[in-house]
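Engineer: To start, I am sharing the structure in question, which I have written as structure tokens.
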Amino acid sequence: MTRLAAEFWVQAYLARLRLNDIPAFVVARGDDMAGAVLVKLNTLDGQARAFQRSFDLMTGARNWAILTEGDEPEVDAAIARQRGFDPDLWVIEVEDRAGRHLLDEPGLAD
């Protein structure tokens, strides 16, 4: 996370999810100031999707891109590999049957 401490962003994101009655949990705590954040969306049907921050090189805009998706154990394995490369990584798990994650809302990509 640049310009914004990771822990602050995570807490703000969790609060926004709570306001929308979407359960979410920090499953791996990263570095408070500089840790990157992965968001795992668990649709509670055996499927999952993991999102990571991405930058559009042409425009410089930030967005959330799918790192991996598919069967939940495969997504979990991909996240575990990422944590092996980056121990400062935060992982948030969002549980929503409708697939809501709110990452496309204003303020969350900034």
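No lab work stands behind these numbers, since they all come straight from the coordinates. Just so it is clear, the model here is predicted, and its values are computed rather than measured. Using ideal geometry, Cβ is built from the backbone for each residue, glycine included, and neighbour counts are taken over all protein chains shown.
Engineer: Taking θ as phi - 60°, what are the ³J(HN,Hα) couplings along segment 21-34 by the Karplus curve (6.51, -1.76, 1.60), each to the nearest whole Hz, with x for Gly and Pro?
Structural biologist: Using θ = phi - 60°, the values come out as 6, 10, x, 7, 9, 7, 9, 8, 8, x, 5, 4, 9, 10 Hz.
Engineer: Name the residues whose placed amide hydrogens come within less than 5 Å of the amide hydrogen of PHE51, ignoring near sequence neighbours (fewer than 5 apart) on the same chain.
Structural biologist: Those lying under 5 Å, H to H, from PHE51 are VAL39, LYS40, LEU41, LEU67.
Engineer: For PHE55 and VAL27, FRET efficiency with R0 = 30 Å and r from the beta-carbon atoms, rounded to 0.05?
Structural biologist: Plugging the Cβ-Cβ distance into 1/(1 + (r/R0)^6) gives 0.75.
Engineer: I'd like the trypsin sites (Lys or Arg not before Pro) in segment 36-110 restricted to DSSP loop residues with at most 14 other Cβ atoms within 10 Å, sorted by number.
Structural biologist: Here the trypsin sites (Lys or Arg not before Pro) that fit, given the DSSP loop and packing criteria, are ARG97.
Engineer: At 0.36 nm per residue, and after removing the present C-alpha to C-alpha distance, how many nm does the segment from ALA15 to ASP45 gain when stretched out fully?
Structural biologist: This chain segment gains 8.3 nm when fully extended.
Engineer: With a sphere of radius 14 Å drawn around the Cβ of ARG83, what net charge do the other residues whose Cβ falls strictly inside it have (Lys, Arg +1; Asp, Glu -1)?
Structural biologist: Summing Lys and Arg as +1 and Asp and Glu as -1 gives -2.
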